[in-house]
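Reading through the structure tokens given below for one structure.
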């Protein structure tokens, strides 16, 4: 008799909980991925719980309470563990549908002296001929915390340097970055674990930065010192030249994001990004001879684009090539090649 009662209780409780989850999605707007996750956890716990309590004499109310508490605890432990391990928030986003960027407040590092900076990060050195010039020599480096390059200096990254970032960690500079790799010795920015995305290279209100023969992969986004860095390479009110570089497997809003800067972006490959490949928000300059392949949203997203020349780019994706601009969109499209992915003929 007890077993039959347990079966009736299970048949009553399980559909009721699943119906409530469905209602939360329809009425409350809870993301589908989160509902699927908690639903699967509930079904798993239900199978275990009712199997272990086939012949219990406990009241129905007590059994239901124990099941719900076990379900909530398991869900909380899983999501809490993911939130702790994945500071970049990509796994969290996949599991819950909520795109969360953890904020870092590191304002006390913005005005460090060069000596204080190198004491804190000893794998950087100071140019013997220029005491304001920081240098990162050729080699491989694990970046386990977000690095802030202070104002009043510059950072030169030598060819062959490889920076592997821990999940969610970034390099934020308030001074120009000169990252000039070569064809045979590119500079690489990547993740320590590809399934745990890192943050960004972000430059804020600095002089002109240069990125040549660099490769970005597995980056995401960041929020540091109340500034949102939407791209794996983000430039805020900063001029930049980007050439002969690759931006691959980007998982933030953009692969490259520039806000109010003078740009020269030429002969680069952008491929497999979650949303936009290149987002230019204001500013001026030239975007030319790049390939944009399988961007999740636009290949090129332009705002306030009257001062930007965009030509001879190839944009390929499953929808026939997408780009957006505040003005002159059709004219800009006519100066570029839009098509379906699979038509590419190699990297620039």
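Just so you know, all these numbers are worked out from the coordinates, no wet-lab data involved. Everything numeric here is computed off the predicted structure, so don't read it as measured data. No Cβ is skipped: glycine too gets one built from the backbone with ideal geometry, and neighbour counts run over all protein chains shown.
In table form, for the structure just shown:
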item: Taking 303, 341 and counting other C-beta atoms within 10 Å, the order from fewest to most; result: 303, 341
item: Shape of the chain, Cα gyration tensor, a/c cut at 1.5; result: prolate
item: Segment 139-211 shape via C-alpha gyration tensor axes, a/c threshold 1.5; result: oblate
item: Volume in Å³ per residue [convex hull over Cα atoms, computed for segment 292-333]; result: 64
item: Per-selection metrics, segment 149-299 (Cα): Rg and Dmax in Å; result: 13.6, 39
item: Ranked 295, 277, criterion: other C-beta atoms within 10 Å, fewest first; result: 295, 277
item: Cβ-based exposure ranking for 20, 323, in which fewest neighbours within 10 Å come first; result: 20, 323
item: Dimensionless Rg/Rh of segment 60-188 - Kirkwood Rh, Rg from C-alpha atoms; result: 1.21
item: Pairwise label distance in nanometres, residue 328 with residue 289, each label 7 Å out on the Cα-Cβ vector; result: 2.1
item: Packing-based order for 35-43, 225-233, 254-262, using average beta carbon neighbours within 10 Å, highest first; result: 254-262, 225-233, 35-43
item: Nearest-ten-degree value, helix 2-26 long axis tilted from longest Cα axis of the chain; result: 30
item: Mean Cα-pair separation over length for the chain, i.e. relative contact order, pairs under 8 Å, 6 or more apart, %; result: 9
item: Cα gyration tensor shape of segment 212-254, rounded if a/c is under 1.5, else prolate or oblate by comparing a/b with b/c; result: oblate
item: Simple spin-label estimate for residue 304 and residue 85 in nanometres, 7 Å along Cα-Cβ; result: 4.2
item: FRET efficiency, 1/(1 + (r/R0)^6) with R0 35 Å, evaluated for residue 100 and residue 208 via beta carbons; result: 0.60
item: Mean Cβ neighbour count within 10 Å, used as a protection proxy, ranking 117-128, 308-319, 264-275 highest first; result: 264-275, 308-319, 117-128
item: The chain - mean residue ellipticity at 222 nm from DSSP helices (-39,500 (n - 2.57) per run, n ≥ 4, rounded to 500); result: -8500 deg cm²/dmol
item: Rounded FRET efficiency, nearest 0.05, which uses the C-beta distance separating residue 182 from residue 260 and R0 of 25 Å; result: 0.25
